[in-house]
Amino acid sequence: NLPLGIEIDASKLIQGSAKPVGKLINAASYTIFIPEGVGSEGDWRKAVEAFLEKEVVNYERVQPRSKRMINLRGGVRSLEVRCKIETPDICLMMIVDDGIAETIKAREVLEVLVGLAGVDTSLLESVKIYRNGLYVRRGSKFISPMEVRGINRKSDGSKEN
């Protein structure tokens, strides 16, 4: 039984010779809802523009046993501000690297954007971050792992319709 509200949209059999899906996924999309009053739309647009103009955005990632500098900018594939009519919140939409080679965390990008927007960092607790999807990046395209070759075959080797 699945938790209330969770549904299975699709499933596919994976060929025995296919890579595990977890090794194929290398990108994730996020929506970040910034509550009304946490900076203006203009502040966030300028912050996003300043972030995207940079070739390198260094960030110190602190983990339990180590610290290391990472380049957030190199792993942000898409970043934009969207405002929706039905909510006063400001929405940030981003697609970032999320895989075995490198993972960029949405919260880390948000922390840098907060500094660029000149917003009080204590207000970050009221921000909501949602992961919308996991993808396989092929050049500039992002495809569902369900569409990757070798995953859409029946166990007998024939193609599914």
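The values are calculated or read from the model by the stated rules, or taken from the named source; none is laboratory data. Model, not experiment: these values are computed from the prediction. Note: ideal-geometry Cβ built from the backbone for every residue, glycine included; neighbour counts use all protein chains shown.
Across the stretch 15-36, what is the number of residues that are within 16 Å of residue 97 (Cβ to Cβ) and part of a helix (DSSP H, G or I)?
Result for the stretch 15-36: 3.
Collect the residues in the stretch 109-138 that are of a type in the set (D, E, K, R) and within 11 Å of the chain's Cα centre (by Cα), keeping them in residue-number order.
Hit for the stretch 109-138 is 131, nothing else.
Between a residue in the stretch 134-161 that is within 11 Å of residue 26 (Cβ to Cβ) and at pLDDT 80 or above and any residue that is of a type outside the set (A, V, I, L, M, F, W, C) and in a strand (DSSP E or B), which pairs come within a Cβ distance under 6 Å, given they are 6 or more apart or on different chains?
Here the result reads 142/135, each pair linking the stretch 134-161 to a residue that is of a type outside the set (A, V, I, L, M, F, W, C) and in a strand (DSSP E or B).
Restricting to the stretch 65-100, and then to whatever is within 19 Å of residue 128 (Cβ to Cβ), of a type in the set (D, E, K, R) and touching a strand residue (DSSP E or B) at 6+ places or on another chain (Cβ under 7 Å), can you tell me which residue is surrounded by the most Cβ atoms within 10 Å (Cβ to Cβ)?
98
Of the conditions (1) among the hydrophobic types (A, V, I, L, M, F, W, C); (2) exposed (fewer than 10 other Cβ atoms within 10 Å of the Cβ); (3) under 18 Å from the mean Cα position of the chain (by Cα), residue 6 satisfies every one except a single condition; which number is it?
Exception for residue 6: condition (3).
Could you list all residues from the stretch 13-55 that are exposed (fewer than 15 other Cβ atoms within 10 Å of the Cβ) and basic (Lys, Arg)?
19, 23, 54 - these are the residues of the stretch 13-55 that are exposed (fewer than 15 other Cβ atoms within 10 Å of the Cβ) and basic (Lys, Arg).
From the list 39, 5, which residue is within 26 Å of residue 92 (Cα to Cα), touching a residue at least 60 places away in the same chain (Cβ under 8 Å) and in a loop (DSSP other than H, G, I, E, B)?
Testing whether each residue is within 26 Å of residue 92 (Cα to Cα), touching a residue at least 60 places away in the same chain (Cβ under 8 Å) and in a loop (DSSP other than H, G, I, E, B) leaves just 39.
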